[in-house]
Amino acid sequence: MSFIDEGKGDPIALIHGFAGSKHYWDKIIPELANEHRVIALDLPGHGESEMGKDRYSIEDIASTIKELLDQLGLDKVTMFGHSLGGYITLAFAELYPQYLKAFSLVHSTANPDSEEAKEARENNAKKIQEEGTGAFIEGLSSKLFSPDNTEVNAKEMEETVKIGMMTKVDGLVSALMAMKDRPERNKVLEETELPVLLIAGEQDQIIPPEKTFTVSRQNIEKKVIHNSGHMSMYEQPDELVKVIKDFLAKV
């Protein structure tokens, strides 16, 4: 599993989203690494990470991340999961809570896929296997950013396409099936005693705020990043860093 390891201090783990890579976090890693040891990894079949087997469930990926933390000698981290990375973070919190000091969902949800979304995952997997990644990645990128930011973030949108094109066909298909089959995990949010940060983009076309803010409890902090779609690490990196730092200062 390929990863970035920068900075010193209390460790944080950054888990990217579908068709992304560790480089999704490039704009915010330097600032976070001033005070923390930052681990940003490539999920199986994404970025520079190979597929170790044909298919991974969300739980399988959580297990591979645990193995990486063991390899690095880290027994407790604060984990931030973007989109697909959030689904993995929830599974990690359910399976390995002893490894977590706190955790955060960044433009993600504890809800499962709707039946319509499951069907779309199946169709996209077939399309990728038959036609390759190009058209699919181009189409995905246009939905990631707020419609208000497509001009100002044109360069960043190109970057997400470039990163997406690095994803292996098997990595995309495996991740699509893993997302389709993931269970509801609101119970994790309802029962955890860990500090939790839920971050939503005000103009997120993929996971709107109401799908992120599914549980309200005293240990759960909710933050909306204004003028942002699904990619606040590109659209509003300074605001995202502030929200993350404020949370880390409290845990």
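The values are calculated or read from the model by the stated rules, or taken from the named source; none is laboratory data. Quick caveat, the model's predicted, so the values are computed rather than measured. A quick note on method: Cβ atoms are made from the backbone with ideal geometry, for glycine too, and the neighbour counts reach across all protein chains shown. Accessible surface is based on the protein model in full, side chains and every heavy atom, while ligands, DNA and RNA are left aside. Shrake-Rupley method; radii C 1.70, N 1.55, O 1.52, S 1.80 Å.
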Trypsin sites (Lys or Arg not before Pro) in the stretch 7-48 lying in a DSSP loop, each with at most 13 other Cβ atoms within 10 Å of its Cβ, come to LYS8
Filter LYS162/LYS222; LYS187/LYS250; LYS126/LYS162; LYS127/LYS242; LYS168/LYS245 down to the pairs with a C-alpha to C-alpha distance above 29 Å, please. LYS162/LYS222; LYS127/LYS242; LYS168/LYS245
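Taking a probe of 1.4 Å, how large is the accessible area per residue of the stretch 151-232, in Å²?
Counting only protein heavy atoms, the per-residue value for the stretch 151-232 is 47 Å².
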Accessible area in square angstrom per residue, the stretch 1-86, 1.4 angstrom probe: 37 Å²
Given the pairs LYS27/LYS101; LYS66/LYS143; LYS8/LYS53, which are separated by over 28 angstrom at their Cα positions? LYS66/LYS143; LYS8/LYS53
Quick one: how many Å² of THR64 are accessible to a 1.4 Å probe, rounded to 10? 30 Å²
Expressed in Å to one decimal, the Kirkwood Rh of the stretch 3-249 from all distinct alpha-carbon pairs is 17.8 Å
Going Cα to Cα from LYS76, which aspartates and glutamates come in below 14 Å? Please leave out same-chain ones fewer than 8 positions away. ASP10, GLU67
Measure off, as a whole percent, the carbon and sulfur share of the 1.4 Å-probe accessible area of the stretch 3-249, all protein chains present. 45 percent
By the C-alpha gyration tensor axes a ≥ b ≥ c (rounded if a/c is under 1.5, else prolate when a/b exceeds b/c, else oblate), the shape of the stretch 106-251 is oblate
Express as a percent, rounded to the nearest 5, the fraction of DSSP beta bridges in the chain (both residues included) that run antiparallel. 15 percent
